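Chemist: Questions regarding the structure given below will be posed in turn.
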Amino acid sequence: MLTRIDHGEVWADGRLQHVSVLIEDERVAALISPDLATQIRADCVIDAGGLWILPGGIDLHVHVSDGAETFSPGTCCAAAGGVTTVLDMAPFHGCVTSAQYQAKVAQAEAECVVDFGLVAGIVVSLDDLPDLGQLARLGAAYFKVFMPADPPVTARELWPAVQVAARTGLRLGLHAEETGCLPGEVDWSDPLGFAHSRPVVAETAATAQLLEMARAAGAPVHVCHVSAARTADLIAAAKAQGVEVTAEVPPHFLLLDENEFARQGPRVKTTPPLRTRGDTQAMWQALADGTLDALACDHFLGRLPGPPAAADKQVSYDPSTMRDAPAGIGGLELSLPLLFSAGVQEGRLSLGRFVEVTARQPAAIAGLAPQKGRLAVGADADLIFIDPDAEWTVANQGDFSRAETTPYAGWRLRGRVKRTMVRGRSVWDGERITVEAGWGRHAPSRRSA
């Protein structure tokens, strides 16, 4: 089947170009001038109407098979938000054997509407490590170690995990919080009590340890959900010294600071916690200058205690609700639109850098390049159509996710995803999902092919 897309501003070779896109079956077949395009008979012609056409987003860090979320609604969120490939992260011990990995692939291929990869883990003990080499060969994108488990992960588990990464080439992703730096007690009567119970030093101490181990072992590592300026400084220094380290930041550490705890309570409870306004500003700088490599939303849903919260952002802080609420923010449907609006439209990021951190670099980190993460001949036709001038208001609840509320309710954004294509097929038309569950396909890491 040949599909032709006309009248779009297409991101190719580092800039927007007025060209037509030809898609043959599931891949980009050509980028040609509009005059030549009209001479080609296509089975399907899509008029882009002047929209910007960019490579589909790749999210390195989502939990769509954990908590209250599942593959079907979770990947519908992804499609509506312009994410064409998700990297799913299972619960503790949930994807550490070949049998678990293959079962997860089968389940996801029956339920997903966008493509997916799998993160091995979550590793919290030495017993989780023996089969990771096999998972690397099956196509795992990376494996995740979670330090603040019960019992906590210490150097006793982390150093062997780093050695596995060095031996197999399977990148180690770390939830970096050194539990020895956590005070243990939380003053729930204080809106900042939760934030103070997980101080910045826990993240920076764990990151420093990981980076030194990676340097010594020659291991590829990835720092998950960076929240603090000092963490970014450590990563920048390690990169300058040749350590093979990559890092991600979710939208909430760019857009929300610790003052939101008093206003929104459990809506913004996540680990690591929200930091200072200075840290959010540092995250923007680190994302722009290349210290941070990717946007990754860390989408996780746990049921909030009590009835769904009202859309009004001005809510009373409730210590008991905050204490009992799970830690996690749902953001898969909003991640790219938030970054586009607050980043590109407000001048914090160039459009080129937006494409880098949402598509090209996540594809490289996950081993999906060059098939994914770029709009080029031979690549999968994973495309998003964005109306850069469309203004819209974020609703309290998404259209698809099981999220009960979002901390971005009422925000006015500029730039909206009007169409999402996965391997040449429209899965979102700006109003509804247009494919059945099961269109999504496993996208194994090519490092292990």
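The values are calculated or read from the model by the stated rules, or taken from the named source; none is laboratory data. This structure is a prediction, so every number in the text was calculated from the model and none was measured. With ideal geometry, Cβ positions are generated from the backbone for all residues, glycine too; neighbour counts draw on all protein chains shown.
Chemist: Can you name the residue in segment 215-233 that is aliphatic (A, V, I, L, M) and surrounded by fewer than 23 Cβ atoms within 10 Å (Cβ to Cβ) and is also nearest to D59 (Cα to Cα) among such residues?
Modeler: A229
Chemist: Shifting gears a bit: In segment 89-115, what residues are surrounded by 16 or more Cβ atoms within 10 Å (Cβ to Cβ) and assigned to a helix (DSSP H, G or I)?
Modeler: Going through segment 89-115, the residues surrounded by 16 or more Cβ atoms within 10 Å (Cβ to Cβ) turn out to be 89-90, 92, 94-97, 100-101, 104-105, 108-109, 111-115.
Within segment 89-115, Q100, Y101, K104, V105, A108, E109, E111 qualify.
Chemist: Also: Starting from segment 405-432, keep only residues that are on the phi < 0 side of the Ramachandran plot and at pLDDT below 95, then list their pairs with residues that are of a type outside the set (S, T, N, Q) and part of a strand (DSSP E or B) whose Cβ atoms are within a distance under 9 Å, requiring at least 6 positions of separation or different chains.
Modeler: Matching pairs, first to second residue: T406/I329; P407/I329.
Chemist: Which of the residues that make up segment 269-279 are part of a loop (DSSP other than H, G, I, E, B) and of a type outside the set (V, I, T)?
Modeler: Applying the first criterion (part of a loop (DSSP other than H, G, I, E, B)) to segment 269-279 yields 269-276.
Of everything in segment 269-279, those that are part of a loop (DSSP other than H, G, I, E, B) and of a type outside the set (V, I, T) turn out to be K269, P272, P273, L274, R275.
Chemist: State whether the residues of segment 74-81 include one that is small (G, A, S), modelled with pLDDT under 95 and closer than 22 Å to T434 by Cα. So that I can check it myself, show each step before the final result.
Modeler: First, the residues of segment 74-81 that are small (G, A, S): 74, 78-81.
From the residues that got through so far, the ones that are modelled with pLDDT under 95 too are 74.
Going one step further and asking which of them are closer than 22 Å to T434 by Cα, we end up with 74.
For segment 74-81, residues small (G, A, S), modelled with pLDDT under 95 and closer than 22 Å to T434 by Cα: present.
Chemist: Residues G378, G352: which one is assigned to a helix (DSSP H, G or I) and surrounded by fewer than 18 Cβ atoms within 10 Å (Cβ to Cβ)?
Modeler: After applying the criteria, what remains is G352.
Chemist: Right, something else. So, restricting to strands (runs of 3 or more DSSP E) that lie completely within segment 149-268, which ones have at least 1 residues that are of a type in the set (D, E) and in contact with a helix residue (DSSP H, G or I) (Cβ under 9 Å, 6 or more places away or on another chain)?
Modeler: 245-249
Chemist: If you take the residues in segment 159-198 that are among the aromatic types (F, W, Y) and surrounded by fewer than 22 Cβ atoms within 10 Å (Cβ to Cβ), which one is farthest from the chain's Cα centre (by Cα)?
Modeler: Of the residues in segment 159-198, the ones among the aromatic types (F, W, Y) are 159, 188, 194.
Next cut, surrounded by fewer than 22 Cβ atoms within 10 Å (Cβ to Cβ) only: 159, 188.
Working: W159: 26, W188: 30 Å.
Top of the filtered list is W188.
Chemist: Under 8 Å by Cβ, and 6 or more places apart or on different chains, what pairs join a residue from segment 175-187 that is in contact (Cβ under 8 Å) with a residue 40 or more places away in the chain and under 17 Å from A327 (Cα atoms) with one that is of a type in the set (K, R) and surrounded by fewer than 17 Cβ atoms within 10 Å (Cβ to Cβ)?
Modeler: That search, which allows pairs on different chains as well, returns V186/R323.
Chemist: Based on this model, can you work out whether F340 counts as part of a helix (DSSP H, G or I), buried (at least 24 other Cβ atoms within 10 Å of the Cβ) and either of a type in the set (V, I, T) or out of contact with any Cys (no Cβ under 9 Å at 6 or more places or on another chain) (or both)?
Modeler: Taking the combined requirement at face value, the residue satisfies it.
Chemist: Which members of segment 116-148 meet the condition of being within 14 Å of L172 (Cβ to Cβ), in a strand (DSSP E or B) and not charged (D, E, K, R)?
Modeler: Residues satisfying the conditions are V119, A120, G121, I122, V123, F143, V145, F146.
Chemist: Filter segment 1-57 for residues that are among the charged types (D, E, K, R) and over 28 Å from the mean Cα position of the chain (by Cα) and give the result. Break it down stepwise before answering.
Modeler: Keep residues of segment 1-57 that are among the charged types (D, E, K, R), which gives 4, 6, 9, 13, 15, 24-27, 35, 41, 43, 47.
Across segment 1-57, the qualifying residues are R4, D6, E24, D35, R41, D43, D47.
Chemist: If the Cβ limit is 9 Å and pairs must be 6+ apart or interchain, which residue in segment 350-375 that is closer than 20 Å to C224 by Cα and touching a residue at least 40 places away in the same chain (Cβ under 8 Å) pairs with which residue that is polar (S, T, N, Q) and surrounded by fewer than 21 Cβ atoms within 10 Å (Cβ to Cβ)?
Modeler: A363/Q371; G367/S448
Chemist: Which is at pLDDT below 95 and surrounded by 24 or more Cβ atoms within 10 Å (Cβ to Cβ), of V21, V86, V64?
Modeler: Checking each option against the conditions leaves just V64.
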